[in-house]
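Have a look at the structure below before the remarks.
The values are calculated or read from the model by the stated rules, or taken from the named source; none is laboratory data. Being a predicted model, the structure only gives us computed values, none of them experimental. Note that each Cβ is placed from the backbone with ideal geometry, even for glycine, and that neighbours are counted across all protein chains shown. We work out accessible area using only protein heavy atoms, side chains counted, and drop any ligands, DNA or RNA first. Shrake-Rupley method; radii C 1.70, N 1.55, O 1.52, S 1.80 Å.
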Amino acid sequence: MIERRMNKNQGSASTKNTFWIYGLHSVKAALLNMERQCYKVIYLQDSLLNELDFSKRPELSVEKADRQKFQSLFSEGAVHQGIAVLVEKFEEKGIEFLEQVEDSSVVLTLDQITDPHNLGAILRSSAAFGVKALILPDRNTPDENSPIVAKTASGALEWVSILRVTNLARTLEKMREYGFWHIGLDEKGESLLADLNLAGKTNIILGAEGEGLRRLTQESCDFLARLPTNAHFGTLNVSNAAAISLYECIRSKTTS
C-alpha cells in the first residue's frame with residue numbers, strides 16, 4: 001500500500017482554487033498532465049494504485065480513505081470508482097489565445113448549455129477531434145471545474161482549452177477579426193453542414209438544450225446549418241449533435 005504525507009505546497013492548496021476529479025480515466029489523465037497541479041489522491045482499494053503512474057509525481061500525497069468519508073466528498077450516486085484526486089483549477093485563458101491558432105483550427109462555442117453531463121460529453125468529443133478551444137458564456141453554463149463534468153469528460157478536461165466569456169456576441173465579433181467563420185447549428189438552417197465550405201478557421205456554435213441558439217447569437221453567425229436528420233424527428237441531443245458536427249468539419253478539412 002502506498003501512503004504519503006502532504007508536502008508543504010500540497011498543504012497550502014486553496015479550497016477556492018481546487019476541486020476533486022474522480023473516476024479512473026479522469027484521475028489517470030490528470031496525473032499524466034504536468035500542467036495540472038495535483039495535491040492528493042485518495043482511494044478505497046489498493047489494487048486501484050496499480051492502474052496509476054506516479055513516476056512524475058514523487059511528492060504527491062496518496063492516502064487510503066475510509067469509505068464513508070470518501071462517499072461524503074461527492075454527490076449521492078456519483079460513479080467515482082473508488083479513486084479521486086484533488087487538483088488545482090487551470091489558469092483562465094483569454095480570447096487572445098485564438099489569435100495565433102492554425103488556419104485549419106476548429107473551435108466549439110456553447111450558447112448556454114446547462115446540463116453538466118452534456119458539457120462533459122462535448123468535452124470528450126472535442127478532445128477526440130482536436131478542437132482548439134471550447135468557448136462558454138459565464139452565465140447559465142455548468143462549471144467545468146466540477147467532479148461531474150470531469151468524470152463525464154473521461155480525461156478530456158486535460159486536453160481542451162476552455163475560454164469563459166462575459167459577452168458572447170462581442171466575443172464572436174473579435175474572433176471574426178482573427179479570421180474565424182461562425183457556423184450556427186440549427187435544425188431549421190438553410191444549408192446542410194456538409195454542403196458548406198469548412199476550410200479555414202471554423203467556429204461551430206450549438207444552442208441550449210431545447211431552446212437552441214439565442215436570437216442575438218444567430219445574428220452573429222455567418223451561416224446557419226443543419227444536420228441531415230429525419231424530417232419527422234430532427235432533434236438530437238446537443239452532445240450528439242456536437243460529435244457529428246465535429247466529425248463532419250474535420251472530415252471536410254482533411255479531404256479538401
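Just a few scattered comments:
- Taking the convex hull of the alpha carbon positions in segment 18-86 and averaging its projected area over all directions gives 4.4 nm².
- Rounded to the nearest 20 debye, dipole of the chain from Cβ charges on Lys, Arg, Asp, Glu: 660 debye
- Alpha-carbon spread of the chain, three principal axes, descending order, Å: 60, 41, 35
- Carbon/sulfur fraction of accessible area - the chain, other protein chains in place, 1.4 Å, %: 47 percent
- Averaged over its residues, the chain has an accessible area of 53 Å² per residue, based on protein heavy atoms and a 1.4 Å probe.
- Straight-line reach from residue 89: taking Cα to Cα under 20 Å and skipping same-chain neighbours fewer than 8 places apart, the lysines in range are 8, 16, 28, 40, 56, 132, 151.
- Relative to the longest principal axis of the Cα atoms of the chain, the long axis of helix 238-255 lies at roughly 70 degrees.
- Computed over the alpha-carbon pairs of segment 60-180, the distance histogram in 5 Å steps reads 2, 10, 19, 20, 17, 13, 7, 6, 3, 2, 0 percent, short to long.
- The length gained by stretching the chain between residue 187 and residue 16 to full extension, at 0.36 nm per residue less their Cα-Cα distance, is 57.6 nm.
- Charge sum, other residues only, whose C-beta stays under 10 Å from residue 27's C-beta, Lys/Arg counted +1 and Asp/Glu -1: +1
- The chain - mean residue ellipticity at 222 nm from DSSP helices (-39,500 (n - 2.57) per run, n ≥ 4, rounded to 500): -8000 deg cm²/dmol
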